[in-house]
1. With a/c under 1.5 counting as rounded, go ahead and sort the range 221-274 into rounded, prolate or oblate using the C-alpha gyration tensor (a ≥ b ≥ c being the square roots of the eigenvalues; past the cut-off, prolate if a/b is larger than b/c, else oblate).
2. Roughly how many percent of the accessible protein surface of the chain is carbon and sulfur, given a 1.4 Å probe and a whole-percent answer?
3. What does the helix-only formula give at 222 nm for the chain: each DSSP H stretch with n ≥ 4 adding -39500 (n - 2.57), the total divided by the residues, and the result rounded to the nearest 500 deg cm²/dmol?
4. Filter the cross-link list LYS7/LYS51; LYS60/LYS135; LYS135/LYS246 down to pairs whose alpha-carbon distance in this structure exceeds 18 Å.
5. Accessible area per residue of the chain at 1.4 Å probe, in Å²?
6. Which whole-number percent gives the relative contact order of the range 1-150, counting Cα pairs below 8 Å spaced six or more residues apart?
7. Rounded, prolate or oblate for the range 2-58? Axes are the square roots of the Cα gyration tensor eigenvalues, ordered a ≥ b ≥ c, and the cut-off for rounded is a/c under 1.5.
8. Once you keep just the Cα pairs under 8 angstrom separated by 6 or more residues, what percentage relative contact order results for the range 221-274?
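The values are calculated or read from the model by the stated rules, or taken from the named source; none is laboratory data. Quick caveat, the model's predicted, so the values are computed rather than measured. Counting neighbours? That spans all protein chains shown, and the Cβs are built from the backbone with ideal geometry, glycine included. Keep in mind that these areas ignore ligands, DNA and RNA; they rest on the heavy atoms of the full protein, side chains included. Shrake-Rupley method; radii C 1.70, N 1.55, O 1.52, S 1.80 Å.
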Amino acid sequence: MQGRIIKQISNDYTVELETGEKVVCKARGKFRNMHVSPLVGDIVLIDYNNKYILEIEPRKNELVRPTIANIDQAVIITSVHIPNFSSNLLDKLLVTIEFNNVTPIICFTKLDLIDDSYRKEIDRYIEYYKKIGYKVYLNTDESIKEIFKDKVTVFAGQSGAGKSTLLNRLDSNLNLATGEVSEALGRGKHTTRHVELIPLLGGLVADTPGFSALEFDGMTNEDIRDNFIEFNLYRQDCEYSDCMHKNETKCAIKEKVESKEILDSRYENYLKFIDRK
Ligand code: ZN
């Protein structure tokens, strides 16, 4: 029988079958010999009678922090007021999420707490990220409810950015006590918590504070470059095919920054990232 692991506590894996039934299974020793361990999010075949995981289906992706497999999308909760908007953090998350083959979705929060002139500035960012192809929502948009159906979603963003508030608005029945607590406790406490997938609006969401691997672990500068998605539209016009868009002359990316087709902050953040600043 096939199902998805929705929860793990040491060697007890809760597998949800297609029927909705939940079965607690052990992992077989053979996985240890193969140096793989089942992860929350894995699609697995189980021995229903003996309550064992027999096979793990190939993963489409796998995150380290939080440890979870087969994620479809990451909603980046982006506060514009306490914590203040940081294009650097947003771009860092976008690049990291893209690199992990997960679809990023941006959700701005706390827009009601800023004045009109700052709102205009934020709107310029919103328009830009939409223009380059990202889905961007405001936390007050009703349409955000539609993105969760049939998807496995994780959240990303700073503590206090408004994840719990958003989730409670989306589904008031959601028991987010643990998420609230971990958000309030800050980062240090998260690491030992188990990961669990909980149902939300026809899909599953990871009840964890979300992405915290923000140091470009395992990424080269080329990876960082290639995951600034709009750069890929123009890079064929750079003089060198391996252009890093930094010191090279005849660089199409630098031209597009000059002509304002690429947002200044995107390029500045890119330079900081490849210098690991
Ligand atoms: Zn270039």
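1. Because its axes are fairly even, with a/c under 1.5, the range 221-274 counts as rounded.
2. Of the solvent-accessible surface of the chain, carbon and sulfur hold 49 percent.
3. -8000 deg cm²/dmol
4. From LYS7/LYS51; LYS60/LYS135; LYS135/LYS246, over 18 Å: LYS60/LYS135; LYS135/LYS246.
5. Dividing the accessible area of the chain by its residue count gives 51 Å².
6. In percent, rounded to a whole number, it is 15.
7. prolate
8. Rounded, it is 36 percent for the range 221-274.
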